[in-house]
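Q: Can you keep this structure in mind? I'll have questions shortly.
Any read-out appearing in this document is the output of simple, stated calculations on the displayed coordinates, not a laboratory observation. It should be emphasised that the depicted structure is a prediction, and the values quoted were computed from it without experimental measurement. Note that we place each Cβ from the backbone using ideal geometry, even for glycine, and neighbour counts take in every protein chain shown.
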């Protein structure tokens, strides 16, 4: 029971830090404090930090004993696999629309300028959901 509480707490803390660092206020602070040149690397460092800081949580989850939480019976397992496949398609479309290099922050490493629009994107998947990559990822995991 304590392991579950610790795991949930660590996931909530990670999610809070992840969201805090993605906030406009933090981005504006970094941009004002360090300038446009350093800020150009913000997305790359943000993604690297998010990935590295999640490793301890993965390690903790891996150390927990295995136990079956649930089993999806037929025919519902087929339905859930179809939903997961559709979410993978959504992830691919979302990455293509967002721009994989720009989304990951790698564009600054190869000298490709950030071409993302500064206005709210209302085209493609963004017409239906504010963050299609997070939405599709959550559906895939659920």
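Q: With a cut-off of 8 Å between alpha carbons and a minimum separation of six or more residues, what is the relative contact order of the chain in percent?
A: Relative contact order comes out at 27 percent.
Q: For the chain, take the longest principal axis of its alpha carbons; what is the angle in degrees between that and the long axis of helix 132-141, to the nearest 10 within 0 to 90?
A: 20
Q: Separate question: Give me the angle, in degrees from 0 to 90, between the Cα long axis of helix 76-98 and the longest principal axis of the Cα atoms of the chain, rounded to the nearest 10.
A: It works out to around 10 degrees.
Q: In addition: How big is region 70-142 by the Kirkwood estimate over distinct Cα pairs, in Å?
A: Its Kirkwood hydrodynamic radius stands at 13.9 Å.
Q: Rank the residues 102, 3 as a footprinting-exposure proxy: fewest other Cβ atoms within 10 Å of their Cβ go first.
A: By the 10 Å Cβ count, ascending: 3, 102.
Q: Turning to a different aspect of this structure: Given the -39500 (n - 2.57) contribution per DSSP H run of 4+ residues, what per-residue ellipticity at 222 nm results for the chain, rounded to the nearest 500 deg cm²/dmol?
A: -22500 deg cm²/dmol
Q: From the list (i) 0.97; (ii) 0.92; (iii) 1.02, can you say which value of Rg/Rh (Cα atoms, Kirkwood Rh) was derived from the structure given?
A: Here the calculated entry is (iii).
Q: Under Stokes-Einstein, with the Kirkwood radius over Cα pairs standing in for Rh, what whole-number D in µm²/s applies to region 19-69 at 25 °C and 0.890 mPa s?
A: Reported coefficient: 188 µm²/s.
Q: Using alpha carbons only, how many degrees (0 to 90, rounded to 10) separate the axis of helix 2-22 from the longest principal axis of the chain?
A: So the inclination is approximately 20 degrees.
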